[in-house]
Amino acid sequence: MAEQRLEVVTIPVSDVERAKEFYARLGWRLDRTPPTKVQFTPPGSACSVQFGTGLTTATPGSAQNMYLCVHDIVATRDRLTALGVQVGDYYHTGGPAPQPGLHPERESYRSHFPFSDPDGNTWLVQEVTTRLPGRVDALTVSFTSADTLAQALRRAAAAHGEHVRRTGEDDAKWPEWYAEYLMNEQ
């Protein structure tokens with residue numbers, strides 16, 4: 001099958017300028033677009049959102065449960081709150097029904113919280129620290145910012161610390177260990 005990539009999702013908004021201000025405030029990159037539409041890309045994302053005049057007949061606010069995956073859900077929620085974004089409570093999955101709060105072990109894909117744009121389009125923030133097998137193409141993944149590389153190094157350091165705790169021995173070849181960890185993570 002030929003390669004296929006989801007590049008852009010159109011979201012319905014009632015006020016283009018208000019939506020533009022909101023997504024800019026989140027720190028998303030404003031992409032160059034024709035005069036009739038606005039396109040933003042979240043940091044590190046390969047997929048963008050667009051909105052504008054005449055792009056969709058969907059009712060403003062009807063885009064629901066779009067996932068925004070992050071490495072640190074607590075830091076992300078704190079940042080959005082500091083920006084004045086109304087965010088929902090944490091909840092976690094993994095049982096028969098969602099439960100309140102962060103996942104007790106902070107397992108990847110389990111902790112979430114919602115937020116909405118000014119029109120009511122909803123985003124679900126999901127913590128993903130380790131991708132499931134097959135979810136990442138190691139040949140196309142690269143670190144897109146110093147922050148994402150630093151987050152990856154923190155995860156490698158935590159994993160290495162767990163290794164040292166388990167074995168009781170420090171590893172003089174920690175740079176090689178980190179490099180292998182990061183390559184496997186990709």
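See the values below:
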| read-out | value |
| --- | --- |
| Scan of the stretch 10-39 for residues that are under 15 Å from N121 (Cα atoms) and assigned to a strand (DSSP E or B), ordered by number | T10 |
| Test for D78: is it outside any loop (DSSP other than H, G, I, E, B), at pLDDT 95 or above, closer than 15 Å to Q126 by Cα and over 13 Å from the mean Cα position of the chain (by Cα) | yes |
| Of all residues making up the stretch 61-75, the number that are in a loop (DSSP other than H, G, I, E, B) and farther than 21 Å from Q151 by Cα | 5 |
| The lone exception for A158 - which of (1) touching a helix residue (DSSP H, G or I) at 6+ places or on another chain (Cβ under 9 Å); (2) modelled with pLDDT of 70 or more; (3) assigned to a helix (DSSP H, G or I) it fails | (1) |
| Every residue from the stretch 81-123 that is assigned to a strand (DSSP E or B) and either surrounded by fewer than 14 Cβ atoms within 10 Å (Cβ to Cβ) or of a type in the set (G, A, S) (or both) | P100, S111, S116 |
| Qualifying residue in the stretch 38-53 (condition: over 26 Å from Y109 (Cβ atoms), of a type outside the set (V, I, T) and either touching a His at 6+ places or on another chain (Cβ under 8 Å) or exposed (fewer than 14 other Cβ atoms within 10 Å of the Cβ) (or both)) | no |
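The values are calculated or read from the model by the stated rules, or taken from the named source; none is laboratory data. Everything numeric in this text was worked out from a predicted model, so none of it was measured. Cβ atoms come from the backbone with ideal geometry, glycine included; neighbour counts cover every protein chain shown.
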